[in-house]
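Structure record follows, encoded as structure tokens.
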Amino acid sequence: MYCRYAHSVGFSVRKDHHSFWPNSRKIRMKDYVCSKAGFKKGLDLNVKLTSKYRKANTRTGCPAMIRFSVDQDGEWKVNKCVENHNHELARPEDQHLLRSCRNITEERGFVLKSMTDAGIRTIDAFTYLADEVGGREYVGFLRRDAYNFVQRNRRCKIETGDTNSLIEIFKNRANSDNMFVWEVQYDEEDRLMNFFWADGGGRIDYDCYGDVIIFDTSYRLNKYNLACAPFVGVNNHWQNVLLGVAFLSEETVESFTWLFRTFLRVMGGKQPITIFTDQDQAMSRAIEIAFPQTRHRLCQWHIIKKLPSKVHCYNSNNKVRGLIYKCFSKCDSEEEFESTWTEMLSEGDLHSHEWLKELHKIRHKWSTAYNKTCFNLGILSTQRSESTNNVCHGISKPTSTITECFLGLEKVMKTWRRNEKDEDFRCSQSDVVPLVKSSPILRQAARFYSRKLYSFFEEEFLEGVGGMCIAQASTDLSTFFVKTLENIDQPRYWTVNFNDAEGCIECSCGKFGMMGILCSHCLRVIRRIDIINIPPKYLLKRWSGRARKDLYSDRPLSSMVATEIPSDGIGSMIFRNYYTRFAYQISTRGEGNTEAEQYMIDAMSEIAENVDLILNISKDSNLVTNSSMRTKIKDPIKRRPKGVSNARLKSHWEKRKPKRKKAEEKSTPSTQQPAPVEHSSQVSFATIPDWLASTHPTPAGASSQVSFATIPECFASTHQTTTGGPSSQVSFANIPDYFTSTHQPAHVQTLSHVPFSNIPECFTDEWLLRRPTSQHNPEYLNMMNGFIDAERHG
């Protein structure tokens, strides 16, 4: 009530003294005062206040207040009320700025939290709320309050520490998803080093689409500079699927080996056929250890990016560049690759190039000519994983915690799986219309393939029928030579072998072995020999519109028993689904027959007792505990990512503005012009250093004194020497005031000579001859100290 009154008048309210009834927590008396009431104890308001006492400086000792008394029954009464103020009240248009009137309601707090969790900036969320109510003055809080609210929510997520909060989230996910697994690795100081997680959906996706995975560690945008390492696969709709994610503190052989072995164990011991990574030696060694049966492929994009800096003639010689590109993906055989590589070396005179020699040693990892028979989806780079990093860039920043990174990646998983379900719905509810409706092959492909894969197949079919021709065929129609019609002068030829007895067809391009769909050359031969249907063996269920159902439907129930797969593995879920379906079919078959129903009930009861007995026996032998897990794990050490700076970003004009030299900043420009000197500005030294002489060697027979017709600027204007006197004495016409013993300028009308009995050490003969001496004259020391203090204070 008093806050509403204060808001209407134009001042802010804060709580003051209060008291309780004896032996209870019931309020007896409570005071509310104006926010400007009172002063901070021990504060002298006559002196200049620093920023430390800025809040206290806003208090003016305002007497406005109200005092309530509360009896034992809880009835409130006003004992005292002062309405006078000694300060200016807030105007009506500024009353929303009063502190006690600002409050984030539950509804608007929920909107702020939801929008910021979705990746919307806090300022944009606040602007949305302001536009919704008609202006910022009607929101009920300020932009700063919105930022504070969001930061409080962030801190609540990691209240027990970033790492321990993440582990608690892992435990909660495991309770709700029995296939959710996670693993952490920490050092001797119980500090988090690496961690990995995968949920049930990712493990099932790996069981269906884990033949080819892309692994990349190029993203490090978090407060600990941990490398984000996602395992990315490709589903039947040619979409990315997130199989699992790891964060690594160090990219070493040990870290990668631990990660790959953990990934293999979590995924039921099934090794992928092909894994794509960048050119990292530690990663390559770890793959050899953990995935010995997996073909390791390197990202071609990363290698091509290095070529301009490694090969000197790459940019200047177009033929060398074209031959290198051909070696990457245009050679149809290993023999063609070797001949093209030799031609490239001869053309660019690169036979002794060490980097190319090392690249040639690992040619089986990056050239398609050596991977024709290995299933790899036709992928040439880790671009799919890098696209995942682009998504991560929108949910992470240099100040993000690992808990925020996990929650953001979890949202990415949900979004991708929602997109997959949407595509499954389109495939089930709508039929693809072939471009050539009368073609039986296209109609068969449209019914089988997913929408995206059908577009690939249709493109191959049209290219084969319309862009290829059979140049030659054997008499028994077992071998065909297919050439392209794109380039008549230099056509390319492919060899297609067909076995009518076994129904096999094979092309030299190896597209089916790499990607799993027939190439245009095979389809041209199929059209030539009038085959109207695609052989079933060339329709991979991996690419069907309902890939999961088709893949699991062929597996017998006995194969679902988890012999080598952990009890919480993928096989357990598949076994449970199949057993439920099997039991449902039996119960449906015996429904209505009393004897059959009773037999099934007795059999299921006996099965339940035997299963409990087996579980009790194996519980002690296969018990897995988390006793080795630390109850509290420390957060990783905070590191700033390379290239990330907290400095303010400069505008275009600030970048173009030249930097001022330090000497120019320190020096004060003189407004007085030096008086013209009619006499000769020649300065004599007993012995000058070599770097001041116009000619370093001194002519024979000449005097050791050298004269300058034009002396350096630092000695010019009024400096003139005498020709006599000892070598340790130097004369100037008008010396600088900071070299005098009295620090007073000598106002001389004519060019007078001022001698030094003890000159600064840097002007003595010994110093100029590189033999410095020590001068213990106290006047000289005081003079130089005064000069240093004067320079320091400007």
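Bear in mind that the values in this text are calculations on the coordinates, not laboratory data. In this text, all values refer to a predicted model and were calculated from it rather than measured experimentally. Reconstructed Cβ throughout: ideal geometry from the backbone, glycine too, with neighbour counts over all protein chains shown.
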_Quick check on my link table: of Lys305/Lys511; Lys361/Lys452; Lys223/Lys361, which ones sit more than 28 Å apart, alpha carbon to alpha carbon?_
Lys361/Lys452; Lys223/Lys361
*Packing-wise, with mean Cβ within 10 Å as the measure, how do 207-217, 288-298, 78-88 rank, highest first?*
207-217, 288-298, 78-88
*Mind running the shape call on the range 453-506? Use the C-alpha gyration tensor, a ≥ b ≥ c as the square roots of the eigenvalues: rounded below 1.5 for a/c, prolate if a/b tops b/c, oblate otherwise.*
oblate
*Table column - 3J(HN,Hα) (Hz), the range 274-288, Karplus curve with 6.51, -1.76, 1.60, x for Gly and Pro*: 9, 10, 9, 9, 8, 7, 10, 5, 5, 5, 5, 5, 5, 5, 4
*Which residues' amide hydrogens lie under 5 Å from the amide hydrogen of Leu142, considering only partners 5 or more residues apart or on another chain, with H built in the peptide plane?*
none
*For Asp476 and His360, calculate 0.36 nm times their separation in residues minus their Cα-Cα distance, and state this gained length in nm to one decimal.*
37.7 nm
*asked:* Taking 51 Å as R0, compute the FRET efficiency from the Cβ-Cβ separation of Thr399 and Val78 and round it to 0.05.
replied: 0.55
_By average C-beta atoms within 10 angstrom, highest first, the peptides 117-123, 310-316, 603-609_ = 310-316, 117-123, 603-609
*Residues Lys634 and Lys310, FRET efficiency given R0 of 41 Å [Cβ-Cβ distance, rounded to 0.05]*: 0.45
*Tell me the label-point distance for the pair Asn616, Met604, using the 7 Å Cα-to-Cβ offset, in nm and rounded to one decimal.*
2.2 nm
_So if each residue of separation counts as 0.36 nm, and I subtract the Cα-Cα distance between His17 and Asp530, what length gain in nm does that give?_
174.9 nm
_Under a crude label model (7 Å from the Cα following the beta-carbon direction), how far is Asp71 from Asp131 in nanometres?_
5.6 nm
*Sorted by average packing, counted as other Cβ atoms within 10 angstrom per residue and highest first, what order do 501-507, 253-259 take?*
253-259, 501-507
*asked:* 7 Å from Cα along Cα→Cβ at both Glu188 and Cys156: what's the point-to-point distance in nm?
replied: 4.1 nm
*Report the net charge of residues surrounding Phe141, where surrounding means a beta-carbon distance below 9 angstrom and charges are Lys +1, Arg +1, Asp -1, Glu -1.*
+3
_Zone of Ser346's modelled label, taken as backbone nitrogen in the range 293-325 under 20 Å from a point 7 Å along Cα→Cβ_ = 313-314, 317-325
*Theoretical gain in end-to-end length, Asn782 to Glu459 [0.36 nm per residue, Cα-Cα removed]*: 107.2 nm
*Please find the FRET efficiency linking Gln271 to Arg102, where r is the Cβ-Cβ separation and R0 is fixed at 56 Å, and quote it to the nearest 0.05.*
0.40
*³J(HN,Hα), Karplus 6.51/-1.76/1.60, whole Hz, each residue of the range 102-117, x for Gly, Pro*: 8, 7, 8, 5, 5, 5, 6, x, 5, 5, 4, 5, 5, 6, 6, 5
